[in-house]
Every structure is written in structure tokens, then in C-alpha cells.
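A short worksheet on the structure shown next.
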Amino acid sequence: MNAAVAKKAIKPTAIPTVAGTPFAGGLYAGRFFIGTQPYALIVSPTTEGDLDPQPWNKSVKNVASALSYCDGLANTEAMVKAGSALAKSVRALTIGKLHDWYLPSRLESLLLFGALRDVKAFAEKGAQPIAREWYWTSTHCASNDDYAWIQSFYYGSQSYVRKSDDFRARAVRRVKL
């Protein structure tokens, strides 16, 4: 193999630097870390990954494995094991031939709000709107078995509410950098 072919074969995928750029089956939202490992966060297209209001889980059972503030995939898997219909429907999504969608953690949700709130495509009447409403995170509330965290896409605040309440959800995926 000549040097030009070898160099091309190992060239890494260019990671966008602008939030809202089409990337990896959705739209680039930003970078975050789990421990020392960096990831690119990808938000799903509205038409396929924005779910109508529904409960986080109808059970008040403690989901101790869904307490991560930064690892939404691990939280979502714990939700599936706890019987969450919401988590099961998100994990079953196939968008752009990709099957690794999940509910964002508290940190990932805050990154979505911070990175996308001023991007025209995500404005209320944009092409990929994130409603100016509350959305579920995948993070269970550590202090109360009946509660989980939600993210406001109006002002950016977070709060915890009963898991049996109905809120919207938006699927995300991540790409290891």
C-alpha cells in the first residue's frame, strides 16, 4: 500500500465544530466526557426521535443503576431493565440505520440546551425544533425512588418530578472521539 492510500485509510472522521451540523445520523450538539473519554453528542431528527409526553416509568422502584449524571446510555439500559416503556421505545429506535439511540443524562440534556438554544434549526419554528417544554433525562433521582430528572428547554433549568408524570423525550447517541 502506498503512503497516500495508507494516510487516507487512517484519516479520522472530521468532527463538526458548529452545533446543529448534520453528523452521524442526527445533528451535532457538542462534546462531553465520561471520565477521561471524550464523546460527540448527536441529537436525533425531530421526525423520528422526539417522543410524545409519557411517563419515565410507572414503577416507583429504585433504579440505582440510572444515577449517572453523564452516562445516558448506561442510565437508559438500567431503565430498560427496570421495565420503562419509554426507555424500551427509545432503545428500539432505528434512525439513519443506527440502533444506538438513548435518553440523555442530566449533563447531556444540559449540553443540548446550551448548545442548541440559539441554533435556528432548533428554534420553535425551525426545521428540527426542540419544544420549549420539559424533557425527561435518563437520570433517576438519588434521594427519592419515585422521582427522575427533567430538563427545561425554555430557560435551561433542571428539576426532579414523579416518574409517573408525562413529559416529552428526545433521543440522542454519542460517538467516541
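Bear in mind that the values in this text are calculations on the coordinates, not laboratory data. Being a predicted model, the structure only gives us computed values, none of them experimental. As a convention, Cβ positions derive from the backbone with ideal geometry for all residues, glycine included, and neighbour counts pool all protein chains shown.
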**Item:** Cα-projected label distance for Leu177 with Ser89, points at 7 Å along beta-carbon direction, nm
**Value:** 3.3 nm
**Acute angle (nearest 10 degrees) that the helix 106-116 long axis makes with the longest principal axis of the chain, alpha-carbon atoms** = 60 degrees
**Request:** Using a cut-off of 12 Å between beta-carbons, work out the net charge of the residues near Cys141 (Lys and Arg +1, Asp and Glu -1, Cys141 not included).
**Result:** +1
**In order through region 73-82: 3J(HN,Hα) via Karplus (6.51 cos²θ - 1.76 cosθ + 1.60), integer Hz, x for Gly, Pro** = 5, 4, 4, 5, 4, 5, 4, 4, 4, 7
**Item:** Cβ-based exposure ranking for Ile15, Ile34, Ile42, in which fewest neighbours within 10 Å come first
**Value:** Ile15, Ile34, Ile42
**Message:** Could you check the spin-label model distance between Thr21 and Leu98? Points 7 Å from the Cα along Cα→Cβ, value in nm.
**Reply:** 1.4 nm
**Complete:** For the pair Asp146 and Thr47, the simple spin-label estimate (label points 7 Å beyond Cα toward Cβ) gives in nm 4.2 nm
**Request:** Once you've got the Cα coordinates, tell me which of Lys88/Lys176; Lys81/Lys176; Lys58/Lys88; Lys61/Lys163 are over 20 Å apart.
**Result:** Lys88/Lys176; Lys81/Lys176
**Message:** Which one, Ile34, Ser152, Leu110, projects farthest toward the positive side of the charge dipole computed for the chain from Cβ point charges (K/R +1, D/E -1)?
**Reply:** Ile34
